[in-house]
2 protein chains.
Amino acid sequence: MIIEKIKGPADVKRLSMDEMVTLAAEMRNALLHKVSAHGGHFGPNLGMVEATIALHYVFNSPVDKIVFDVSHQSYPHKMLTGRADAFLYPEKYDEVSGYSEPTESVHDHFVIGHTSTSISLASGLVKGRDLLGGKENVIAVIGDGSLSGGEAFEGLDFAGELGTNFIIIANDNQMSIAEDHGGLYKSLKELRETNGKSPNNYFKSLGLDYMYVDGGNDIGQLIQAFSEVKDIDHPIVVHINTLKGKGYKPAEEDKERFHWTMPFDIATGKPLKESTREDYGDLTALHLLEKMKEDKGLVGITAATPAVMGFTKERREAAGKQFVDVGIAEEQAVAMASGIAKAGARPVFGVFSTFIQRAYDQLSQDLCINNNPATILVFCGSLSSMNDVTHLCFFDIPLLCNIPNLVYLAPATAEEYFAMMDWSIRQDAHPVAIRVPVAYGVKHASGKVDADYSDLNRYQVTHKGSKVAILGLGSFYWLGEEVRQGLAEKGIDATLINPRYITGTDDALLDELKQDHEVVITLEDGVLDGGYGEKIARFYGASPMKVLNFGAKKEFVDRFKPSELLKKNHLTKEQIVEDVLNVL
Amino acid sequence: MIIEKIKGPADVKRLSMDEMVTLAAEMRNALLHKVSAHGGHFGPNLGMVEATIALHYVFNSPVDKIVFDVSHQSYPHKMLTGRADAFLYPEKYDEVSGYSEPTESVHDHFVIGHTSTSISLASGLVKGRDLLGGKENVIAVIGDGSLSGGEAFEGLDFAGELGTNFIIIANDNQMSIAEDHGGLYKSLKELRETNGKSPNNYFKSLGLDYMYVDGGNDIGQLIQAFSEVKDIDHPIVVHINTLKGKGYKPAEEDKERFHWTMPFDIATGKPLKESTREDYGDLTALHLLEKMKEDKGLVGITAATPAVMGFTKERREAAGKQFVDVGIAEEQAVAMASGIAKAGARPVFGVFSTFIQRAYDQLSQDLCINNNPATILVFCGSLSSMNDVTHLCFFDIPLLCNIPNLVYLAPATAEEYFAMMDWSIRQDAHPVAIRVPVAYGVKHASGKVDADYSDLNRYQVTHKGSKVAILGLGSFYWLGEEVRQGLAEKGIDATLINPRYITGTDDALLDELKQDHEVVITLEDGVLDGGYGEKIARFYGASPMKVLNFGAKKEFVDRFKPSELLKKNHLTKEQIVEDVLNVL
């Protein structure tokens, strides 16, 4: 195969057009076999095969620098820059990450996993080059879906003022993760339909030069276009029209399902494993759809990831006007939610833990200063969740729990989760975020759960013992129960507490514990720094109570095994019991 | 005067055109007298007098809802909605805030003080209205400067898909706080020069309808335009061309100086008080300008607030390509800084504490995961800084200090500040943020300060005592010195420590303190929750060491007296000494 001989971009430059066409087919085949067995981003990579070949044929990476937005389309680039083996041989599949990774290759310039960042990052390479007197090309590659993020706009707007070489490839596959949302997409469509001639041109309105390439999967057209813009002396957007999922029929036909996929059967496109477990996304969508029937003001909101809250295409259609996808635009989602709540309707924004951090200022300014009663469901917040360094889901507690006015709740069971959600939707006094349980799956309550959470920061004692008190936050309530049992085996009847509220301390209860407890331990499924446990440590700072905070060390970790990360951070039952015994 | 009789919009609707022109002159006169005596936003308000009269003449506030971006132009609105007295009578000047404030008036819908939020917030009012079956007009008013922020783009893009009433007034006064920056402003200029006819139209490219009003200070033209769009059944942008500073010559001529101003002499425009104190902004600019001469890769960055880091117009010109204003676009600033550092040049981004929170995801993803050696100077981070609820500057510690890889430094003196800055610019190992001292002014070091900060988290013991150890962070080192003296008067020779590093604990030193100390106190000029002191409380959790954390309670406070806020939070020398004695 040709692909086996490609050790770097120099090998691409030596190919004939026919060989490049063959190479593209081989790359697609490799993508199909790897992703169908291993899972990963699929549709966006299939669409970018030809453009990536053309980029490496025309430009001189790594001297010329190519920055791939969000990395969803970076697999072909990895294949052509010395990393093809990781796509060809199953035993090597795990040798590359799913994202741009400078430690893997000099052809990768940044670790990138959140969207809409490529133009801004690349603009820094441009500015640095110009300050230091370099001459190389800087190229940012960004998908149409990523253009809806504010940072991408800020980058384009800035680029429009740069009078120097900067090439922005807008990879228009007419899809975000799900369908595109935003007025911008109307004018992109006009551009495609007029072969780039429509005067209604977003990029030009930001002061940028512009070129359209209809054959975004035609290597010849792409090489010609890229050759024309190479060494250009000003910023230009090259808008290429590509087909998401190209070459694999099920992926061309169901673009959303194959944007990112778990392993699947090549013949049918069907997932190899259908999950039969109860899933909080599904449960959430079903619950909200039921409530929407009674309450016309209830509206679900997503920022381009409807699946996380269970809103499949069918369910989005069923919800109609009561479900809004704002595109990849978390700032808009949070601010709009505040406005909807102010208008008296009932917004519920469902978002991955790793993406809520894209809207800190909106949470603080637009939502919490205004104290509007919007509901935010934070999904996947856990050390046992996504394990790519760009998608860590364990910083949401420090992010959210230190913003005034916000009530951040941590349910331990499904019943508590829905009771909290229903309360939040009903009440008018607070912005509320709820950390959807993760670590122990869908657990069910043994008794009745509270319906009203308006008496803030009231922790729940579920077992009254003495000497040691365990504050098990959210899912880690169940770790707390394990620890309680472990201590019981050692003859210690520990108190077990479900704190429920992340954003505050139950001072009366904590004071009461001083009477017959020597040690309080906190268990949280997230980073320790700035989190929940430190508030408890501060509370007891001047008292003789000993406090042990269990949670994760502040560090960026990548492609870890959750069980190993937990162990490393002393988050197993055995370690915790031992640590407690050591301080008694 | 007419203005004295305006108790609400109904009174505006009764006026003749001549009376409205007179009213405009009276309003301008009131603005001039109030702001010249009291300080405040000036130029943007002068430019919006006519448009605000026309808005209230045409629309039916508060049923129709008007949302003012950033509130820099909201004073005329306040005057026409029952709050004129606060602009007419000096003894009532403080009865209104400088920002939109729902607790003041039903005509204000949100507390707003950060830019670029109005369209997103108003889009929520639109969505809420549509869900609940309302018919009112929703109007967002946004300045051209605010359009450079990503959230404004996200809002416009979302609006472009809304098939329902939504009126966006783009108030184009051709200025941001300083001059506008971004390619967008070229096409806005084209629109102004072609009376709105240019096909190169940013708003239309986002799927929005569009109308241009050249006479943005002509009440008649404005009334006609607003009447045309009233009750429209789809979103439209009404682009109005206004004059910033209109009616006061010095403000028309020096728009940047009069965007926001301290009290000034009406005859000359000169500030009533010239500050003669040393100022960290000035010192920073002078220091960087000197270093820029030696290092062509050194580049200062601002997101539309160059003054905070001392970069006046003259100094920006002196820096040339080594100073970049990205416009109101903090996300771009941080991501670009990461890219510049990656390219081997030396970015230094100066930013207000309250605005760095607009770029949390960029700090985490674009900068810190990539571990690029950019320098961020955080100005005004203190409880004794800006006191409007939207501009609180005491949440930067929890925001920054819990992000892995970042080194957040807290200098106590000018010498330490510049030594840290020089080190940060030199080194390649870490992204670094520096909290510029505030509370005790520019203090000078008595001895030599360290030049190298690469041995992370090494605290400095400046006085070795026993029993009590004081960790005085940054400016609060000086509060620590006061407390040390206070304790000395009570016969306690306390240890005083300058921690210098906010992002980590000096474990060896903290362990050593256990030998001959019973109490450790932490002093931080910010909110306690998620901050520095809690890390110390956690460190000592399982030990007998008592820890007292001093800092501010987590709450939004508005228009407070810093001295009172400090007292309320037990942050005076006397209170701290007493609290320490109580636990000994």
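Across the range B:539-562, the number of residues qualifying as closer than 22 Å to A:Pro404 by Cα and within 7 Å of another protein chain (Cβ to nearest Cβ) comes to 5. Within the range B:93-133, the set of residues being open to solvent by 20 Å² or more (accessible area, probe 1.4 Å), facing another protein chain (nearest Cβ under 9 Å) and in a loop (DSSP other than H, G, I, E, B) comprises B:Pro102, B:Gly133. Pick from the range B:68-92 the residues that are more than 12 Å from every other protein chain (Cβ to nearest Cβ) and in contact with a Gly (Cβ under 9 Å, 6 or more places away or on another chain): which of them is farthest from B:Lys244 (Cα to Cα)? Among those that are more than 12 Å from every other protein chain (Cβ to nearest Cβ) and in contact with a Gly (Cβ under 9 Å, 6 or more places away or on another chain), it is B:Gly82.
Taking residues in the range A:476-495 that are free of Cβ contacts under 8 Å to residues at least 12 places away in the same chain and on the phi > 0 side of the Ramachandran plot, and partners anywhere that are open to solvent by less than 10 Å² (accessible area, probe 1.4 Å) and of a type in the set (Ser, Thr, Tyr), not one pair has Cβ atoms closer than 9 Å while being at least 6 places apart or on different chains. Only a single criterion out of (1) away from chain A (no Cβ under 13 Å); (2) within 26 Å of the chain's Cα centre (by Cα); (3) not polar (S, T, N, Q) is not satisfied by B:Asp214, namely (2). Among the conditions (1) in a helix (DSSP H, G or I); (2) under 20 Å from the mean Cα position of the chain (by Cα), B:Glu179 misses just one, which is (1). Of the residues making up the range B:518-537, those that are more than 22 Å from B:Glu574 (Cβ to Cβ) and either charged (D, E, K, R) or away from chain A (no Cβ under 13 Å) (or both) number 3.
Just one of the listed residues (A:Ser61, A:Ser36, A:Ser16) is surrounded by fewer than 17 Cβ atoms within 10 Å (Cβ to Cβ) and of a type outside the set (Asp, Glu), and it is A:Ser16. A single entry from B:Ile2, B:Ile6 fulfils the requirement of being within 27 Å of B:Ile168 (Cβ to Cβ) and at pLDDT 95 or above: B:Ile6. Considering the range B:351-427, the qualifying helices (runs of 4 or more DSSP H), each wholly inside and each with 3 or more residues that are more than 26 Å from A:Gly155 (Cβ to Cβ) and over 20 Å from the mean Cα position of the chain (by Cα), run over B:414-426. Against the test of being touching a Phe, Trp or Tyr at 6+ places or on another chain (Cβ under 9 Å) and either closer than 30 Å to B:Gly344 by Cα or buried (at least 18 other Cβ atoms within 10 Å of the Cβ) (or both), the options B:Ala469, B:Ala429, B:Ala412 yield a single qualifying residue, B:Ala412. Scanning the range A:472-497 for residues that are open to solvent by less than 20 Å² (accessible area, probe 1.4 Å) and either small (Gly, Ala, Ser) or modelled with pLDDT under 95 (or both) yields A:Gly472, A:Gly474, A:Ser475, A:Gly480, A:Gly486, A:Ala494.
Going through the range B:109-127 one residue at a time, which ones are polar (S, T, N, Q) and more than 20 Å from the chain's Cα centre (by Cα)? Across the range B:109-127, the qualifying residue is only B:Ser123.
Residue count for the range A:572-584 under the criterion of being assigned to a helix (DSSP H, G or I) and open to solvent by 40 Å² or more (accessible area, probe 1.4 Å): the result is 5.
For the range A:215-240, the candidate set comprises residues that are in contact with a Phe, Trp or Tyr (Cβ under 8 Å, 6 or more places away or on another chain) and not aliphatic (A, V, I, L, M); within that set, the residue that is farthest from A:Met48 (Cα to Cα) is A:His234.
Where helices (runs of 4 or more DSSP H) fall wholly inside the range B:475-571, the ranges with 2 or more residues that are within 25 Å of the chain's Cα centre (by Cα) and basic (Lys, Arg) are B:562-568.
Annotation: of all residues in the range B:309-328 being surrounded by fewer than 24 Cβ atoms within 10 Å (Cβ to Cβ) and hydrophobic (A, V, I, L, M, F, W, C), the one that is nearest to A:Ser123 (Cα to Cα) is B:Phe323. From the list B:Ile397, B:Ile369, the one residue that fits, being open to solvent by less than 10 Å² (accessible area, probe 1.4 Å) and at the interface with chain A (Cβ under 10 Å from one of its Cβ atoms), is B:Ile397.
Take the conditions of a type in the set (Asp, Glu), assigned to a helix (DSSP H, G or I) and within 14 Å of another protein chain (Cβ to nearest Cβ) and apply them to B:Glu331. Does it pass? It is true that B:Glu331 is of a type in the set (Asp, Glu), assigned to a helix (DSSP H, G or I) and within 14 Å of another protein chain (Cβ to nearest Cβ). Mind checking which residues of the range A:74-83 are buried (at least 22 other Cβ atoms within 10 Å of the Cβ), in contact (Cβ under 8 Å) with a residue 40 or more places away in the chain and either basic (Lys, Arg) or more than 25 Å from B:Ile340 (Cβ to Cβ) (or both)? Result: A:Tyr75, A:Pro76, A:Met79, A:Leu80. Taken over the range B:277-310, residues that are farther than 16 Å from B:Val438 by Cβ and outside any loop (DSSP other than H, G, I, E, B) amount to 16.
Assess whether B:Gly47 counts as being touching a Ser or Thr at 6+ places or on another chain (Cβ under 7 Å) and surrounded by fewer than 19 Cβ atoms within 10 Å (Cβ to Cβ). No; evaluated as a whole, the condition is false for this residue. Screening B:Gly339, B:Gly344, B:Gly300, B:Gly350 for residues that are facing chain A (nearest Cβ under 8 Å) and open to solvent by less than 10 Å² (accessible area, probe 1.4 Å) leaves exactly one candidate, B:Gly339.
Per the listing B:Glu161, B:Glu136, the residue uniquely facing another protein chain (nearest Cβ under 7 Å), touching a residue at least 40 places away in the same chain (Cβ under 8 Å) and over 24 Å from B:Glu330 (Cα atoms) is B:Glu161. Of the residues making up the range B:27-47, those that are under 19 Å from the mean Cα position of the chain (by Cα) and part of a helix (DSSP H, G or I) number 3. Scanning the range B:171-186 for residues that are within 10 Å of chain A (Cβ to nearest Cβ) and either surrounded by fewer than 24 Cβ atoms within 10 Å (Cβ to Cβ) or more than 27 Å from B:Ala54 (Cβ to Cβ) (or both) yields B:His181, B:Gly182, B:Gly183, B:Lys186. From the list A:Lys313, A:Lys321, the lone residue that is over 22 Å from the mean Cα position of the chain (by Cα) and farther than 30 Å from B:Ile403 by Cβ is A:Lys321. B:Leu147 passes every criterion in (1) part of a loop (DSSP other than H, G, I, E, B); (2) more than 8 Å from chain A (Cβ to nearest Cβ); (3) under 30 Å from A:Phe158 (Cα atoms) apart from (1).
The residues listed here are A:Glu256, A:Glu252, A:Glu274; of these, the one that is in a loop (DSSP other than H, G, I, E, B) and open to solvent by less than 70 Å² (accessible area, probe 1.4 Å) is A:Glu256.
The values are calculated or read from the model by the stated rules, or taken from the named source; none is laboratory data. Just so you know, these numbers come straight off a predicted model, no measurement behind them. Cβ sites come from the backbone with ideal geometry, for glycine too, and all protein chains shown count toward neighbours. Just the protein is used for accessible areas: all its heavy atoms, side chains included, with ligands, DNA and RNA removed. Shrake-Rupley method; radii C 1.70, N 1.55, O 1.52, S 1.80 Å.
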